[in-house]
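Notes for the one structure printed next.
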Amino acid sequence: MATPAAARYPSLATRDVERAARALVDARAPVLQAGHGVLYADATDELVELAELLGAPVVTTLLGKSAFPENHPLFVGCGGPSTTLGVHRHLTRADLVFGIGVSFGKTNFGVQMPPGKVIIHATNDENDINNDMKSHYPVVGDAKLVLTQLLEELKLQSSSQGRPTNQALVDEIKAGKQEWLDQWMPKLTSNEVPINPYRVVWDMMHTVDLDNVIVTHESGSAREYMVPFWEARQPRSFIGWGKSTQLGYSLGLAMGAKMAEPDKQVINVMGDFAFGSVGMDIETAVRAELPIITIVLNNSTMAIYNDSRFPVAVGKYNLKSVGGQFSEVAQALGAYSEKITDPQEIIPAIKRALEVNRGGKTVLLEFITKEEGEYSKFNFR
């Protein structure tokens, strides 16, 4: 049984909560940014209640992805290295950003906060306050406790009414998401051969049960393909990572997730270089009888880096290229495997993999993909 938040952090500075609540009430266009502290605190319900009370758009960090249900009408996107038009649009417009369970640390694996924002920073680590980001209204405490007390204070200050439903904002969020998706739909539904990796992600998302799945990405291009487009509906249904960038981490995460949640469908998505780093650990999943699905996007190159990054190594040693028959390796290690080259076979292959998983067997699907170097990035300066 989880320890109640109040037992972990018995009190907050009441004045800090009052000041933060007043700033939220007075804000013209507040945005909520949720980090992995919300997941640690099991505070998704409180976060949803706060967003609905304020009528405020919600952004998650990469580590916080799935802390807020992404099919909710107030969700605008995950602020990873690749992100959405909604994140860019609403963070840019915001006059106040309330970060809950975030560090606000500068990182290449998150959006850079546009200047001129009033910042409320709620974190359980006082060392994060005024570290990389100046906080106008700091609140130190467990995310669940902070949100609970903040909700109580907001209801007092607004006579329990909250803001009226802003249908125009909800409609704008929905229209902005569609506008952005329309720009990417040619890649998400591409019939290219070799397969476009965005098509693999899109088809998989529309094949699995999003209410009963845990997915994770690999470092590099797989992360950029997955994070903006995958719809995470349940807390911890997406294991986002990035500040730790070693290749191959997703496979271990998937095995751990399956052990923790044996009734969930667990999938990790990796590239060819990542499989080259840890591919032999497929045997671990087989031996441990962990029915997970590993998706390998095999374009035979390190797509996220251009040649100019290391011209000598590329020119002399062909550094970016990689070879291998990954599906055959997985089969030799005891897993069920397939190699898919036709985009029309993506969904049938995933359905077969799900059925094999139900029979208790580890699966690897190797998709032969193109080198796709376009990502959904925006300039927030």
Mind listing just one residue for me: the one in region 207-233 that is polar (S, T, N, Q) and assigned to a loop (DSSP other than H, G, I, E, B) and, of those, nearest to Ser66 (Cα to Cα)? Asn212
Taking Glu153 and the conditions (1) under 16 Å from Thr60 (Cα atoms); (2) touching an Asp or Glu at 6+ places or on another chain (Cβ under 7 Å), which numbered condition does it fall short on, given that it satisfies the others? (1)
Candidate set from region 323-359 (those that are surrounded by fewer than 17 Cβ atoms within 10 Å (Cβ to Cβ), in contact with a Ser or Thr (Cβ under 8 Å, 6 or more places away or on another chain) and farther than 17 Å from Ile293 by Cβ); member that is modelled with the highest pLDDT: Glu328
Being in the same structural domain as Val266 (by TED's automatic domain parsing), β-branched (Val, Ile, Thr), free of Cβ contacts under 8 Å to residues at least 40 places away in the same chain and not in a loop (DSSP other than H, G, I, E, B) narrows it down to one of Val356, Val312, so name that one. Val312
Is it true that some residue in region 165-182 is among the aliphatic types (A, V, I, L, M) and within 30 Å of Asp263 (Cα to Cα)? no
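Rundown of residues vs (1) among the charged types (D, E, K, R); (2) out of contact with any Asp or Glu (no Cβ under 6 Å at 6 or more places or on another chain); (3) free of Cβ contacts under 8 Å to residues at least 60 places away in the same chain, yes/no style:
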{"position": "Leu290", "(1), (2), (3)": "no, yes, no"}
{"position": "Leu297", "(1), (2), (3)": "no, yes, no"}
{"position": "Met302", "(1), (2), (3)": "no, yes, no"}
{"position": "Gln325", "(1), (2), (3)": "no, yes, yes"}
{"position": "Gly334", "(1), (2), (3)": "no, yes, yes"}
{"position": "Asp342", "(1), (2), (3)": "yes, yes, no"}
{"position": "Thr362", "(1), (2), (3)": "no, yes, no"}
{"position": "Phe378", "(1), (2), (3)": "no, yes, no"}
Within region 83-140, can you find the residues that are assigned to a loop (DSSP other than H, G, I, E, B) and of a type in the set (Ser, Thr, Tyr)? Thr83, Thr84, Ser103, Thr107, Ser135
Return the pair list, or none, for Cβ contacts closer than 8 Å from residues in region 80-104 that are of a type in the set (Ser, Thr, Tyr) to residues that are in a strand (DSSP E or B), at least 6 apart or on different chains. Thr83/Gly77; Thr84/Val76; Thr84/Gly77; Thr84/Cys78; Ser103/Thr123
Counting just the residues of region 219-273 that are at pLDDT 95 or above and among the acidic types (Asp, Glu), which one comes out surrounded by the fewest Cβ atoms within 10 Å (Cβ to Cβ)? Asp263
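The values are calculated or read from the model by the stated rules, or taken from the named source; none is laboratory data. All values derive from a computational prediction rather than experimental measurement. Note: ideal-geometry Cβ built from the backbone for every residue, glycine included; neighbour counts use all protein chains shown.
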